[in-house]
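What follows is a short report on a single structure.
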Amino acid sequence: MFRGIYETTIDAKGRTSLPAKFREVLVDVHGDDRFVITNSAPVDLGAGTFSSGLLIFPYAKWVEFEENFRSSRGLTSAQRNSIMRTIISPAVEGCADKLGRLLIPPHLRKGAALERDILFVGVMDKIEVWSQAEREKVRIQDLKNFPSDSETVAELGL
């Protein structure tokens, strides 16, 4: 499981370091240092504005996602096309080098507004990558969306 939030930087060429804890999980839990990096689903911030980061899937989880997508039946044609154009088409396979560095391609950096200060966020079986500014906007929206029904939250063990 990927857990935690790690602050780091990305240079002008798109080079950054994947946190050591996340590299360990890739190899120890998923048995493979390969991953797929792509856009995340857009987050509706209201008033017609959206924010997006990136997702890093362990390679096997990406293959599972593709299989689930192919067999899914609950999506309209327009929704399927949007997912293909937003998530699947821009996806890039990669792995960190021996020093833990990875290169985020320009098309993904641009869409996620990654310029200098970034965050790697562990979210169970995936890793999110955010610009610090965009992540703050999403965090505020998450607080608005947080379930207020104490019974529902208690069922989760919170």
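Details
- Test: residue in region 77-93 that is part of a loop (DSSP other than H, G, I, E, B), modelled with pLDDT under 95, among the small types (Gly, Ala, Ser) and under 27 Å from Val25 (Cα atoms): no
- When residues in region 1-19 are screened for being modelled with pLDDT of 95 or more and of a type in the set (A, V, I, L, M, F, W, C), 4 of them pass.
- Residues that are in contact with a helix residue (DSSP H, G or I) (Cβ under 9 Å, 6 or more places away or on another chain) and at pLDDT below 95 were ranked within region 126-157; the one that is nearest to Phe2 (Cα to Cα) is Phe146.
- Filtered residues of region 33-53 (kept if open to solvent by less than 80 Å² (accessible area, probe 1.4 Å), among the hydrophobic types (A, V, I, L, M, F, W, C) and in contact with a strand residue (DSSP E or B) (Cβ under 8 Å, 6 or more places away or on another chain)): Phe35, Val36, Ile37, Val43, Leu45
- Some residue of region 25-32 being assigned to a strand (DSSP E or B), of a type in the set (D, E, K, R) and open to solvent by 50 Å² or more (accessible area, probe 1.4 Å): no
- Elements of type helices (runs of 4 or more DSSP H) contained in region 95-158, each with 1 or more residues being among the aliphatic types (A, V, I, L, M) and loosely packed, with under 14 Cβ neighbours inside 10 Å: 132-145, 150-155
- Residue check for Ala60: open to solvent by 50 Å² or more (accessible area, probe 1.4 Å) and within 20 Å of Lys137 (Cβ to Cβ): no
- Residue pairs whose Cβ atoms lie under 6 Å apart, separated by 6 or more positions or on different chains, with the first residue in region 4-29 and farther than 13 Å from Phe57 by Cα and the second crowded, with 16+ Cβ neighbours inside 10 Å and of a type in the set (Phe, Trp, Tyr), are Tyr6/Phe120; Pro19/Tyr6; Pro19/Phe120.
- Positions within region 33-50 being under 19 Å from Ala112 (Cα atoms), at pLDDT 95 or above and assigned to a strand (DSSP E or B), in sequence order: Phe35, Val36, Ile37, Thr38, Asn39
- Residue pairs whose Cβ atoms lie under 6 Å apart, separated by 6 or more positions or on different chains, with the first residue in region 137-152 and more than 21 Å from Phe50 (Cα to Cα) and the second in a loop (DSSP other than H, G, I, E, B) and open to solvent by 100 Å² or more (accessible area, probe 1.4 Å), do not occur.
The values are calculated or read from the model by the stated rules, or taken from the named source; none is laboratory data. Small disclaimer: the values here were computed from a predicted structure and weren't measured. Because the Cβ atoms are built from the backbone with ideal geometry, glycine has one as well, and the counts that use them run over all protein chains shown. Ligands, DNA and RNA are stripped out before the accessible areas are found, and what is left, the full protein with its side chains, is counted by its heavy atoms. Shrake-Rupley method; radii C 1.70, N 1.55, O 1.52, S 1.80 Å.
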